[in-house]
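**Student:** Sharing a structure, written as structure tokens. Questions coming.
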Amino acid sequence: MAQPLQPARGTHDLIGEDFRRHHHVVDTARRVAALYGFEEWATPIFEDTRVFFRTLGETSDVVTKEMYTFEDRGGDSVTLRPEYTAGLCRALVTNGLTQTLPRKVFAAGPMFRYERPQKGRYRQFHQIDLEVLGAAEPLADAEVIACGWHILSDLGVAEGTVLEINTLGDAPSRDAYRAALIAYFLGHKDGLSAESQARLERNPLRVVDSKDAKDKAIVADAPTIHAHLTPEASAFYDSVRRHLDRFGVPYRENPRIVRGLDYYSHTAFEFVTDRLGAQGTVLGGGRYNGLVEEMGGPSTPCVGWAAGIERLSLLLEGAGRTPPAPRPVAVIPVGEAAEAVALDAAQALRRVGLAAEVAYKGNLKRRMERANKLNARAAVIIGDDEIAAGTVQFRDLDAGTQESVALAELPARLS
């Protein structure tokens, strides 16, 4: 016998409870996003490599180490999407939608990054994504955060998460902050990791975001951006926090939340938890400018976030909130003549929105055993006597009761 094939490293199958949790996350997010006026888009899972090369930064870990990039048969370089935002900005431009801003967009689907698999992190993973494209007002920042909080609340996992926010200021604020960081880190250069030393003068914000233990110790005393904010940037941040208070979203400030790429500005935020071990961020995002322009469109202010479905599913599992499997009605024919009647009865139930299951084979005992395995809510038994009388035996499997019901009245009885 041939050796059974396994899923590719870093991928996983969604079956049973895993799929129900996954579906519940997407379905809940889709429903809540619609309440806030977001429309759903679907973009291709692979794009021209330049879509990500331009927007994620040539030296970012995603571009240099993690992207699945290959040349197709036509000689074009394409990349499996590692994140949603760049593709959504590309779609805004190529579909001629920059004249009808703002656009509020929700999306959900698979992403691909070549990284070391661990709990809650895969090479093919899934995200829900929310973007407001073309709104410069701080209310947009607060609303996308509030929508995220609403989704976490409806999933029943908000209690285990904390919203952390920071500001990245405007361009003058970041220029002043970058100079202050370089001056500080140069005084501690010998203690930094080799990677952070290489990044120091080119992009000191990446040093602030370093996961290296030595770097973290130095970063702990590094200056924050708040002393370098322009009055305009400070007012923007104040407005975001006021709106969050009005939305009733609790938060705490974390001055160490940064974004290393120049197109990020103003609000940066993360919903974090201590219930997933090292994988503490379940939803994160912020305000960004320049991505739409990189795709050939006009300068367009945007704000949004992404959340890992696998991580949210782990939170659901840990909280004991896995959605139950649907409970069908088991339709059980007894004898060959009853099969046609049973199929008609099952279809009648399905037409009124009730799940119905007809076992393919076996005697009454075996078919009842299958009904129990399916956790059926009820069983409808049809034999020769029932056919002659135009009835069925309706057995309530929870209550343990059984009664005769007219076949024609069965859908209404179960509804």
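Read-outs throughout are calculated quantities, based only on the coordinates presented, and are distinct from any laboratory measurement. Remember, it's a predicted structure, so these values are computed and weren't measured experimentally. FYI the Cβ positions are ideal-geometry reconstructions off the backbone, even for glycines, and counts take in every protein chain you see.
**Student:** Which ordering of GLU83, GLU253, GLU336 is given by a fewest-first count of other beta-carbon atoms within 10 Å? All intermediate terms of the calculation are to be shown ahead of the outcome.
**Tutor:** Working: GLU83 17, GLU253 13, GLU336 8.
Starting with the residue having the fewest Cβ neighbours, the order is GLU336, GLU253, GLU83.
**Student:** Here is a follow-up. Using the alpha-carbon atoms, what tilt in degrees (0 to 90, nearest 10) does helix 231-247 show relative to the longest principal axis of the chain?
**Tutor:** Tilt relative to the chain: about 20 degrees.
**Student:** Given Cβ point charges of +1 (Lys, Arg) and -1 (Asp, Glu) and nothing else, what value in debye, to the nearest 20, does the dipole of the chain about its Cα centre take? Kindly include the intermediate steps, with their values, before the conclusion.
**Tutor:** Values: 49 positive and 56 negative charges, 135 e Å.
Dipole magnitude for the chain comes out near 660 debye.
**Student:** A further question follows. Could you tally up the Lys pairs in the chain with alpha carbons closer than 19 Å? Skip any pair fewer than 8 positions apart unless they're on separate chains.
**Tutor:** Lysine pair count for the chain: 7.
**Student:** Starting at the first residue of region 409-415, write each ³J(HN,Hα) from the Karplus equation 6.51 cos²θ - 1.76 cosθ + 1.60 with θ = phi - 60°, in whole Hz, x for Gly and Pro.
**Tutor:** 8, 4, x, 5, 4, 7, 5
**Student:** Could you grab the relative contact order for region 297-365? Cα pairs under 8 Å, six or more apart, rounded to a whole percent. Don't jump to the answer; show the numbers that get you there.
**Tutor:** On the way: 41 pairs, mean separation 20.4, N = 69.
Answer for region 297-365 is 30 percent.
**Student:** Go ahead and estimate [θ] at 222 nm for the chain from helices alone: -39,500 (n - 2.57) per DSSP H run with n ≥ 4, summed, over the residue count, rounded to 500.
**Tutor:** So the calculated ellipticity at 222 nm is -11000 deg cm²/dmol.
**Student:** Which listed residue (ALA346, GLY335, GLY383) has the Cα farthest towards the positive end of the charge dipole for region 329-414, taking +1 on Lys and Arg C-beta and -1 on Asp and Glu C-beta about the Cα centre?
**Tutor:** Selected residue: ALA346.
**Student:** If one computes the Cα centroid of region 284-358 and of region 111-160, what distance in Å separates the two points?
**Tutor:** 18 Å
**Student:** On to the next question. Mind checking the angle between helix 309-318 and the chain's longest principal axis? C-alpha axes, 0 to 90 degrees, to the nearest 10.
**Tutor:** Once rounded, the angle reads 60 degrees.
**Student:** Of ALA406, ILE225, ALA198, which is farthest along the charge dipole of the chain in the positive direction, counting Lys and Arg as +1 and Asp and Glu as -1 at C-beta?
**Tutor:** So the residue furthest toward the plus end is ALA198.
**Student:** Each label point is 7 Å from the Cα along the Cα-to-Cβ direction; what then is the distance between the points at ARG73 and VAL352, in nm?
**Tutor:** Distance between label points: 5.2 nm.
**Student:** What ranking do 179-186, 100-107, 8-15, 305-312 get when scored by the average of other Cβ atoms within 10 Å per residue, highest first? Intermediate results must be reported in sequence, preceding the final value.
**Tutor:** On the way: 179-186: 16.4, 100-107: 19.6, 8-15: 11.9, 305-312: 23.5.
Descending mean neighbour count gives 305-312, 100-107, 179-186, 8-15.
**Student:** Continuing with the same structure: Which translational diffusion coefficient, to the nearest whole µm²/s, is obtained for the chain from the Stokes-Einstein equation, given a Kirkwood hydrodynamic radius over C-alpha pairs, 37 °C and 0.692 mPa s? Don't skip to the answer; put the middle values down first.
**Tutor:** Working: Rh = 24.8 Å.
Calculated translational D: 132 µm²/s.
**Student:** A further question on this structure: Given charges of +1 on the Cβ of Lys and Arg and -1 on the Cβ of Asp and Glu, with all other atoms neutral, how large is the dipole of region 104-257 about its Cα centre, in debye to the nearest 20?
**Tutor:** For region 104-257, the charge dipole is close to 620 debye.
**Student:** What number in nm² do you get for region 296-415 if you take the convex hull of its Cα atoms and divide its surface by four?
**Tutor:** Convex hull of Cα atoms, orientation-averaged projection: 13.2 nm².
**Student:** Any idea what angle helix 85-94 forms with the longest principal axis of the chain, computed on alpha-carbon atoms, 0 to 90 degrees, nearest 10?
**Tutor:** Long axis of 85-94 versus the principal axis of the chain: about 90 degrees.
**Student:** OK, next. Read phi for every residue in region 179-189 and hand back ³J(HN,Hα) as whole Hz from Karplus 6.51 cos²θ - 1.76 cosθ + 1.60, θ = phi - 60°, with x for Gly and Pro.
**Tutor:** Each residue of region 179-189 in turn: 5, 5, 5, 4, 4, 5, 5, 4, x, 10, 4 Hz.
**Student:** For SER415, SER313, SER210, what's the fewest-to-most ordering of other Cβ within 10 Å of each Cβ? Provide the component values of the computation, followed by the final result.
**Tutor:** On the way: SER415 9, SER313 25, SER210 17.
Fewest to most other Cβ atoms nearby, the residues stand as SER415, SER210, SER313.
**Student:** Sort THR69, THR300, THR401 so that the residue with the fewest other Cβ atoms within 10 Å of its own Cβ comes first and the one with the most comes last.
**Tutor:** THR401, THR69, THR300
**Student:** Another question about this same structure. Hey, got the dipole for region 329-414? About the Cα centre, +1 on K and R Cβ, -1 on D and E Cβ, debye to the nearest 20?
**Tutor:** Numbers: 11 positive and 12 negative charges, 88 e Å.
So the magnitude is around 420 debye.
**Student:** Need the full-extension length gain, ASP209 to ARG321, defined as separation in residues times 0.36 nm minus the C-alpha distance. One decimal, nm.
**Tutor:** Value of the extension gain: 37.0 nm.
**Student:** Here is a further query. Mean separation of Cα pairs under 8 Å and 6+ residues apart, divided by the residue count of region 329-414: what relative contact order is that in percent? Before the final figure, lay out each step's value.
**Tutor:** Numbers: 135 pairs, mean separation 26.6, N = 86.
Answer for region 329-414 is 31 percent.
**Student:** Still on this structure: Which whole-number percent is the relative contact order of the chain (Cα, under 8 Å, 6+ apart)?
**Tutor:** Across the chain, relative contact order equals 16 percent.
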